[in-house]
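Okay, so here's the structure we're looking at.
The values are calculated or read from the model by the stated rules, or taken from the named source; none is laboratory data. All values derive from a computational prediction rather than experimental measurement. Ideal geometry is used to build each Cβ from the backbone, glycine not excepted, and the neighbour counts take in all protein chains shown.
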Amino acid sequence: MTSFNPQQSTSMKARLRERATQLRGEIQHTLERSADETHVRIAEQARDTEDDSFSNLVVDLNLAEIDRDADELRRIDTALARINEGSYGLCESCGQDIPEARLQAEPTALRCVKCQELYERTHAGNGTPRL
Ligand SMILES: [Zn+2]
């Protein structure tokens, strides 16, 4: 059983929704800024068509930022769905309660610390496969 009571679930939902709104704002802001920079670069390239690597770099950086925000949004969606279905606060891997302190620090956590460390070790992109 999860240690989360309905009141805690409600306040966690509010917190997650607030963060989601903030992230959508950031994504919007980054897109707008990216559009501005792209326009500036296009204007500059019209004068100087030699080198477009810096322009590509700017666009890539913005995409990485958007990617991070979008990724967090997806995790928030998952957390909200888990609250609704009553599985929030349970470790996805071992099914044990995730300590409340961990959820307060990281509301979108899907696993307890032990399982998360194991997951990161086995799913880290550049790790050496051990099988
Ligand atoms: Zn676990």
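Entry remark, the range 94-119: residues being over 18 Å from the mean Cα position of the chain (by Cα), of a type in the set (A, V, I, L, M) and more than 9 Å from the ligand (Cβ to nearest atom) number 1 in total.
Look at Cys112 and say whether it is at pLDDT 95 or above, buried (at least 16 other Cβ atoms within 10 Å of the Cβ), over 25 Å from Gln22 (Cα atoms) and not aromatic (Phe, Trp, Tyr). Criteria met by Cys112.
Looking at Ile66, Ile76, which is the one that is at pLDDT 95 or above, aliphatic (A, V, I, L, M) and either surrounded by 12 or more Cβ atoms within 10 Å (Cβ to Cβ) or more than 15 Å from the chain's Cα centre (by Cα) (or both)? Exactly one residue qualifies, and that residue is Ile76.
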